[in-house]
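Chemist: Before we start, here is the structure in question, set down as structure tokens.
The values are calculated or read from the model by the stated rules, or taken from the named source; none is laboratory data. Here the structure is a predicted model, which is why all the values come from computation and not from measurement. Note: ideal-geometry Cβ built from the backbone for every residue, glycine included; neighbour counts use all protein chains shown.
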Amino acid sequence: MYIYADNAATTKMSPAAIQAMVECLEKTYENPSSFYMSAQRAKERLEQARGEIAALIGAEAREIIFTSGGSEADNQAILSAAAIGEKKGKKHIISSAFEHHAVLHTLNKLKKSGFEITLLPVHESGIVDVKELEAALREDTCLVTIMSVNNEIGTIQPIAQIGEVCRKHGVLFHTDAVQAVGHMPIDVKAQKIDMLSASAHKFHGAKGVGFLYARKGIALTNLIEGGAQERGKRAGTENLAGVVSMSIALRESVQSMEQTRQKLLPVRDYLIAGLSEIPHSALNGDQKERMYNNINFSFEGIEGESMLILLDQKGICASSGSACTSGALDPSHVLLAIGRVHDVAHGSLRLSIGEDIDYRQADYIIASVKEVVAHLRGFSPVWRDLQTGKRSYIL
Ligand SMILES: *Cc1c(COP(=O)(O)O)cnc(C)c1O
């Protein structure tokens with residue numbers, strides 16, 4: 001058995017996206033900036049992909065900048081808003097405690113150069129409170145950056161309401177939508193989003209390619225200086241094959257979005273119900289306002305890393321939090337942000353299921369996790385203390 005349940009870390013490329021990529025590498029290898037006719041065709045192909053991607057999120061082609069992925073788009077959006085703010089003497093930024101590190105580390109960098117950062121709490125539900133956000137806005141706030149969907153617990157943020165509040169107060173709004181693009185409907189105009197980050201490999205495109213949407217009129221800061229590609233905002237010869245395949249992958253994902261949701265939602269709930277039978281366990285994050293592919297549990301008295309190793313031996317690819325921090329001994333900042341204590345946060349499991357999952361696989365996952373948790377608790381000193389009453393249960 002091999003079950004890939006780590007789609008929040010990356011997804012398998014779609015055959016059509018691979019085909020588009022190979023075709024492009026073979027037939028359209030010219031540099032889009034070159035002079036001759038064949039290079040012009042490469043340039044046209046690039047602009048066609050830009051137009052298609054823009055249309056799929058309700059944007060205009062000139063509002064899309066291609067990047068190396070979600071992290072770069074997050075960095076560029078935040079540093080651009082900070083530069084715009086600084087010019088007006090506005091050096092306050094609002095974000096949330098459970099953002100991706102591409103956002104949090106960029107904010108930390110800005111803090112060192114005199115910016116003030118407010119990280120909103122996300123409560124036990126894993127959802128930002130729009131009223132709290134509005135109350136945190138100040139005269140000198142230059143940016144609100146809140147992710148659309150959390151990558152560890154899958155909770156969906158009230159993006160349109162946040163957009164509304166930010167627009168009303170004249171504050172720029174960026175959203176890291178890496179877990180949302182291709183998975184839920186997005187309309188940057190209707191949702192009043194000023195900047196949005198996306199990454200192809202989270203919606204069955206290739207790794208190392210993504211885009212930043214920035215509403216026209218927003219002056220972007222370059223992270224990479226050099227040639228005049230991407231309207232002078234992102235130098236470097238374009239990743240044409242990556243971009244073209246991204247446009248194919250996004251179109252496919254958007255077209256099959258509703259079908260995927262309807263297929264995965266009941267399987268997700270079946271998995272949640274099955275894993276809830278494990279004593280002293282808890283689902284992390286709200287069950288309703290949650291992506292249809294995300295299951296995240298904490299099990300008291302065990303360590304997540306050992307659980308992952310044993311599940312791997314059973315052919316199940318899962319995660320204990322985000323792939324970016326696995327290997328580190330700190331518990332997930334996301335789980336700490338929703339109020340899980342260190343010990344409990346350590347014993348956590350994220351399953352992010354994909355389109356090809358079926359109930360037979362779901363049954364296998366439930367049985368395997370039950371077995372692994374029981375096994376690990378069998379020799380866990382923490383579990384023994386809980387059983388003998390030396391410690392009291394939290395979950
Ligand atoms: C994966 C991910 C990123 C990083 O995207 P890359 O393309 O891997 O750089 C950023 N934010 C979120 C929410 C993600 O899930």
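Chemist: Could you check how many residues of the stretch 14-27 are surrounded by fewer than 19 Cβ atoms within 10 Å (Cβ to Cβ) and not in a helix (DSSP H, G or I)?
Modeler: We begin by selecting, within the stretch 14-27, every residue surrounded by fewer than 19 Cβ atoms within 10 Å (Cβ to Cβ); these are 15-16, 18-19, 22-23, 25-27.
From the residues that got through so far, the ones that are not in a helix (DSSP H, G or I) too are none.
Here the count works out to 0.
Chemist: Go over the candidates E139, E164 one by one and state the one that is part of a loop (DSSP other than H, G, I, E, B), surrounded by fewer than 23 Cβ atoms within 10 Å (Cβ to Cβ) and acidic (D, E).
Modeler: E139
Chemist: So which pairs qualify, if the first residue must be in the stretch 92-117 and within 21 Å of G339 (Cβ to Cβ), the second must be among the hydroxyl-bearing types (S, T, Y) and more than 12 Å from the ligand (Cβ to nearest atom), the Cβ gap must be under 7 Å, and the two must be at least 6 apart or on different chains?
Modeler: If the second residue must be among the hydroxyl-bearing types (S, T, Y) and more than 12 Å from the ligand (Cβ to nearest atom), the pairs left are I94/T118; I94/T141; V103/S95; I117/S95.
Chemist: Evaluate the following for A190: is it surrounded by fewer than 24 Cβ atoms within 10 Å (Cβ to Cβ) and at negative phi?
Modeler: Values: surrounded by fewer than 24 Cβ atoms within 10 Å (Cβ to Cβ): yes; at negative phi: yes.
Yes: the conditions hold for A190.
Chemist: If you check H105, H169, which single one turns out to be more than 28 Å from L250 (Cβ to Cβ) and not polar (S, T, N, Q)? Even if it seems obvious, please write down each step before you answer.
Modeler: Values: H105 fails: more than 28 Å from L250 (Cβ to Cβ).
Being more than 28 Å from L250 (Cβ to Cβ) and not polar (S, T, N, Q) holds for just one of H105, H169, which is H169.
Chemist: Moving on to the next point. Which one of these does G236 not meet: (1) in the same structural domain as I365 (by TED's automatic domain parsing); (2) under 28 Å from A16 (Cβ atoms); (3) without any contact (Cβ under 8 Å) to a residue 24 or more places away in the chain?
Modeler: It is condition (1) that G236 fails.
Chemist: Turning to a different aspect of this structure: Would the stretch 317-338 turn up any residue that is closer than 21 Å to V103 by Cβ, in contact with a Gly (Cβ under 8 Å, 6 or more places away or on another chain), in a strand (DSSP E or B) and not hydrophobic (A, V, I, L, M, F, W, C)?
Modeler: no
Chemist: Sticking with this structure for a sec: Please indicate, with yes or no, whether at least one residue in the stretch 91-106 is in contact with a helix residue (DSSP H, G or I) (Cβ under 9 Å, 6 or more places away or on another chain), closer than 18 Å to H201 by Cα, at pLDDT 95 or above and among the acidic types (D, E).
Modeler: no
Chemist: Now, a different point. Quick check on my filter: what residues within the stretch 131-151 are more than 15 Å from the ligand (Cβ to nearest atom) and within 21 Å of R350 (Cα to Cα)?
Modeler: Start the filter on the stretch 131-151 by keeping residues that are more than 15 Å from the ligand (Cβ to nearest atom), which leaves 131-144.
If the condition is that a residue be more than 15 Å from the ligand (Cβ to nearest atom) and within 21 Å of R350 (Cα to Cα), then no residue fits.
Chemist: Where residues in the stretch 310-334 are among the hydrophobic types (A, V, I, L, M, F, W, C), out of contact with any Cys (no Cβ under 9 Å at 6 or more places or on another chain) and modelled with pLDDT of 95 or more, which of them is nearest to S392 (Cα to Cα)? Give the steps one after another, and end with the answer.
Modeler: If we filter the stretch 310-334 for residues that are among the hydrophobic types (A, V, I, L, M, F, W, C), which is where we start, we get 310-311, 316-318, 323-324, 328-329, 334.
Pick out the ones that are also out of contact with any Cys (no Cβ under 9 Å at 6 or more places or on another chain) and you get 310, 316-318, 323-324, 328-329, 334.
Still in the running and modelled with pLDDT of 95 or more: 310, 316-318, 334.
Working: L310: 27, I316: 31, C317: 32, A318: 29, V334: 24 Å.
Out of the qualifying residues, it is V334.
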